[in-house]
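Heads up: the structure comes next, in structure tokens.
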There are 2 protein chains.
Amino acid sequence: MEESKGMFEPINRRTLHWEIVRQFQEKIISRQFNVGDKLPTERDIAAELNVNRATVREALKKMEVLGLIEIRHGNGIYVKDYLESGNLELFKEIIYMKDVVQIDVLRNILDIRKIIVPVMAGLAAENRTGEELAELQHIIEDEQMPMLEKDLNVHHLIARASRNLFYLFILNFFNQVFRDYGYLYFEVPENRERSKQFHNDILDAITRKDKSLAGKITADVLQYTEDAIYSYYRAVYGNEGGYS
Amino acid sequence: MEESKGMFEPINRRTLHWEIVRQFQEKIISRQFNVGDKLPTERDIAAELNVNRATVREALKKMEVLGLIEIRHGNGIYVKDYLESGNLELFKEIIYMKDVVQIDVLRNILDIRKIIVPVMAGLAAENRTGEELAELQHIIEDEQMPMLEKDLNVHHLIARASRNLFYLFILNFFNQVFRDYGYLYFEVPENRERSKQFHNDILDAITRKDKSLAGKITADVLQYTEDAIYSYYRAVYGNEGGYS
DNA sequence: TAAGACATATTGGTCGAACCAATAAGTCTG
DNA sequence: CAGACTTATTGGTTCGACCAATATGTCTTA
């Protein structure tokens with residue numbers, strides 16, 4: 001009731017270990033802790049944060065998986081170079097550290113996406129089974145499903161049909177980000193319409209097993225969404241977050 | 001002293017929570033647990049495995065980060081669809097579940113790699129600073145550094161110079177895998193020589209800021225390594241692990 | 001004196017039991 | 001029968017203790 005931002009307080013009721021991770025993450029990424037630094041012992045951290053050691057350990061476990069630290073039994077806890085050992089989960093954390101996705105990081109993601117996805121769509125057209133085709137059709141024809149959900153599912157099915165497990169896991173990254181921010185895109189009727197067209201076109205290409213067509217169609221829609229996103233950014237934030 | 005494999009026992013002395021993660025991971029990935037299944041309570045798991053609850057919790061924390069499960073306070077623990085929520089860390093775990101990297105999964109990785117890396121090398125040539133160029137030169141001229149290490153560093157620097165943070169984190173995945181298996185490749189003198197050539201060529205291209213040349217050089221060496229790896233697999237395992 | 005064996009301290013790993021907090025389910029009330 | 005209340009279930013946290021790997025200093029011995 002003391003908040004001024006809005007009616008409800010943005011839920012800070014996170015778990016304790018979550019909060020601990022956030023603090024260390026912040027300090028490590030901002031280089032307040034340097035690579036190779038030895039962190040205080042679990043006992044000292046617990047004492048300083050005024051929490052229990054078990055809670056600290058849970059936080060440390062998570063940070064270890066993220067590639068932020070290395071835990072050595074009987075020795076200590078050391079800060080790793082997250083630019084060398086960090087993984088996509090950490091990258092996601094970095095993205096979400098700010099309230100808004102920074103335009104330059106978003107650009108990074110879209111650049112990679114534009115390179116991979118069309119090729120994978122081509123492979124999907126080539127390798128898809130009849131079952132997968134039916135499934136794709138089923139998704140696309142579902143009138144109930146929100147367009148965002150539908151689009152995520154289409155891409156997921158393409159990933160599966162591409163037979164490239166590695167791509168599937170990379171796509172999960174894309175989808176997790178887009179699931180959080182995609183509503184902004186799909187709020188615009190024109191964009192929804194464009195995606196609907198894409199779904200129909202890609203269904204056609206995949207039905208006919210037309211590899212290059214699938215690739216082209218996908219490249220086109222990605223270019224469209226990219227342009228839409230950038231123009232959205234320009235409209236909302238101006239050019240400040242612009243090209244680095 | 002009871003082992004027969006070699007003089008030293010391959011360190012099974014893993015931590016308990018590590019072992020717990022392995023067991024659940026195995027069961028979830030092999031679909032012994034189905035998506036949406038509610039796992040036993042922490043207390044029950046601890047009782048059944050005959051370990052402490054705190055240990056179980058540490059394992060669960062890790063599985064949560066991997067995208068295998070969802071933990072709901074006051075409710076329970078649920079199995080997620082790892083094909084939808086799993087991340088690259090989980091993918092790595094999957095790779096390492098078998099003793100040898102399966103040829104089809106390796107092929108997946110190499111396919112994606114072949115798509116991305118040349119483009120990023122081109123960007124690196126375009127965007128590199130004088131400082132990064134000097135650093136690259138320094139790495140390449142270091143006669144002491146083992147070729148594997150050198151190669152990883154070269155790629156890492158290319159990633160940084162590409163200015164694409166997302167690529168940098170994807171590269172970390174590649175490098176972590178190659179750090180474990182790359183020695184097989186670099187054992188062969190011819191391959192070492194090929195990499196040396198690549199390093200010199202890419203240094204030249206990046207020095208001259210020649211984008212397309214950097215891309216071409218990189219594409220070439222990736223093709224070479226790919227061929228080498230496949231022929232190695234054929235030689236060692238025959239064609240069994242072949243095309244799916 | 002220097003190398004190796006040994007005791008000791010430090011630090012992460014595990015344990016057990018208890019209580020807090022969010023959720024779900026059952027029960028009572030109007 | 002809807003809604004408030006109570007209770008049980010289950011994850012989150014705490015405390016205090018002990019185990020196990022590692023590092024360090026010390027002592028013995030060649």
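Worth a mention:
- Stokes-Einstein diffusion coefficient of the range B:120-193, Kirkwood radius over Cα pairs, 37 °C, 0.692 mPa s, in µm²/s: 255
- Extending 7 Å from Cα along the Cβ direction at residue A:187 and again at residue B:16 yields two label points whose distance is 5.1 nm.
- The GluC sites (Glu not before Pro) found in the range A:129-220 that occupy coil by DSSP, while having at most 15 further C-beta atoms within 10 Å, are A:143, A:187.
- Leading residue at positive end of dipole, chain A (Cβ point charges), from A:207, A:191, A:55: A:55
- Over the range B:168-244, the pair-distance histogram of Cα-Cα distances with 10 Å bins from zero comes to 16, 40, 35, 9, 1 percent, rounded to whole numbers.
- Angle between chain A longest axis and helix A:147-161 axis [Cα atoms, degrees, rounded to 10]: 90
- 0 to 90° range, to nearest 10: angle between helix A:165-186 axis and chain A longest Cα axis: 90
- Size-normalised alpha-carbon gyration radius of the range A:83-138, reference 2.2 N^0.38 Å: 1.61
- Principal-axis tilt of helix B:53-66 within chain B, Cα atoms, nearest 10 degrees: 40
- Among the chymotrypsin sites (Phe, Trp or Tyr not before Pro) within the range B:144-244, those in coil by DSSP and having at most 13 neighbouring Cβ atoms inside 10 Å are B:243.
- Computed across the protein assembly as shown, the Kirkwood hydrodynamic radius from all distinct Cα-Cα pairs reaches 24.8 Å.
- Neighbour cut-off at most 12 other Cβ (10 Å), DSSP loop, trypsin sites (Lys or Arg not before Pro), the range B:164-244: B:208
- Taking the Cα centre of the protein assembly as shown as origin and assigning +1 to Lys and Arg Cβ atoms and -1 to Asp and Glu Cβ atoms, the resulting dipole is close to 380 debye.
- Inter-centroid distance (Cα atoms) of the range B:91-145 relative to the range A:104-125, Å: 18
- Paired Rg and Dmax values of the range A:71-183, which use every Cα atom, in angstrom: 17.7, 59
- Overall dimensions of chain A as given by Cα atoms, namely Rg and Dmax in Å: 21.9, 65
Each value in this text was obtained by applying a stated rule to the coordinates, not by laboratory testing. Please read these numbers as outputs of a predicted model, since none were measured by experiment. Reconstructed Cβ throughout: ideal geometry from the backbone, glycine too, with neighbour counts over all protein chains shown.
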